[in-house]
Amino acid sequence: MQLIIGDYNYSSWSMRGWLAARASGLPFETVQIPLREADTADHIGRYSPSGRVPCLIDGEGEGRIAIWDSLAIAEYLAELNPALWPADARARAVARAVSAEMHSGFTALRTHMSMNIRKDYAGHGRTPEVLAEIARIDALWQDCRQRFGMQAPVAGPWLFGAWSIADIMYAPVCMRFATYAVGEDALSPLACRYLGEVLTHPHVQEWRVAASAETHLIAAYDSYG
Ligand SMILES: N[C@@H](CCC(=O)N[C@@H](CS)C(=O)NCC(=O)O)C(=O)O
């Protein structure tokens, strides 16, 4: 498989696709395309019919498919490795709901606290709409941890016990919370603990190291200097 991604530093959707691919345990090759360059559209267009990343390519010849959306990529990988979703049907349904909520929502957070792993934007972006979305994320994390993640037999540090697509969908939110210093002052103790766990997950660390090593800049995304 090939996974086409954008910048490690800026591309939150790419991060989700890549974390899902890493969590699947399946072999894949990463093809990176710097975003917002003159040739970006041409380059992405060779792989992705929507012109967006991430895009997963699997198979060859007649059997080759392109999957051009982060959640669709995660679902495909979960068909190959079902451990990407919680095993229990009720937990899995809630995990899908929180993943879909992320995929289709939180537009204020995305706008005012765009992912920018290398920067320190402490205190920036806290509009009333963003704070309301942070409160919703906090409530959602607490609910998942208390009802599922902390319960036997699956108990573990993640939303549904074991690391799943639900955690992966919120990992870029955690990167934003690190950049914009959203911590104890804005989050419940439980959400704070969960945030700390995500930031030290080995796959998240791997992505952060790649973002730190990257030198490509996108001025339009360096919103606060
Ligand atoms: N709903 C899509 C969103 C993908 C998306 O918006 N990707 C951005 C990068 S994070 C992109 O490809 N932009 C193209 C460009 O900047 O040229 C998904 O979940 O994968």
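The values are calculated or read from the model by the stated rules, or taken from the named source; none is laboratory data. The structure displayed is predicted, hence computed values, not measured ones. Backbone-built Cβ (ideal geometry, glycine too); neighbour counts: all protein chains shown.
Somewhere in the stretch 85-96, is a residue out of contact with any Gly (no Cβ under 6 Å at 6 or more places or on another chain), near the ligand (Cβ under 9 Å from one of its atoms), at pLDDT 95 or above and within 30 Å of A152 (Cβ to Cβ)? Give the derivation first.
Let us first name the residues in the stretch 85-96 that are out of contact with any Gly (no Cβ under 6 Å at 6 or more places or on another chain), namely 85-96.
If we keep only those that are near the ligand (Cβ under 9 Å from one of its atoms) too, we end up with none.
Looking through the stretch 85-96, none of the residues is out of contact with any Gly (no Cβ under 6 Å at 6 or more places or on another chain), near the ligand (Cβ under 9 Å from one of its atoms), at pLDDT 95 or above and within 30 Å of A152 (Cβ to Cβ).
Residues in the stretch 111-132 include at least one that is within 11 Å of the ligand (Cβ to nearest atom) and either touching a residue at least 24 places away in the same chain (Cβ under 8 Å) or crowded, with 17+ Cβ neighbours inside 10 Å (or both). For A108, the conditions (1) surrounded by fewer than 19 Cβ atoms within 10 Å (Cβ to Cβ); (2) assigned to a strand (DSSP E or B) all hold with the exception of (2).
Applying the condition of being surrounded by 17 or more Cβ atoms within 10 Å (Cβ to Cβ) and basic (K, R) to the stretch 133-180 and asking which residue is nearest to G123 (Cα to Cα) yields R176.
Among the candidates R22, R64, R16, R52, which residue alone is in contact (Cβ under 8 Å) with a residue 24 or more places away in the chain, away from the ligand (no atom under 12 Å from the Cβ) and basic (K, R)? Can you show your working first?
Numbers: R64 fails: in contact (Cβ under 8 Å) with a residue 24 or more places away in the chain; R16 fails: away from the ligand (no atom under 12 Å from the Cβ); R52 fails: away from the ligand (no atom under 12 Å from the Cβ).
Sole residue among the options that is in contact (Cβ under 8 Å) with a residue 24 or more places away in the chain, away from the ligand (no atom under 12 Å from the Cβ) and basic (K, R): R22.
Got at least one residue in the stretch 32-47 being under 15 Å from the mean Cα position of the chain (by Cα) and modelled with pLDDT of 95 or more? No, the conditions are met nowhere in the stretch 32-47.
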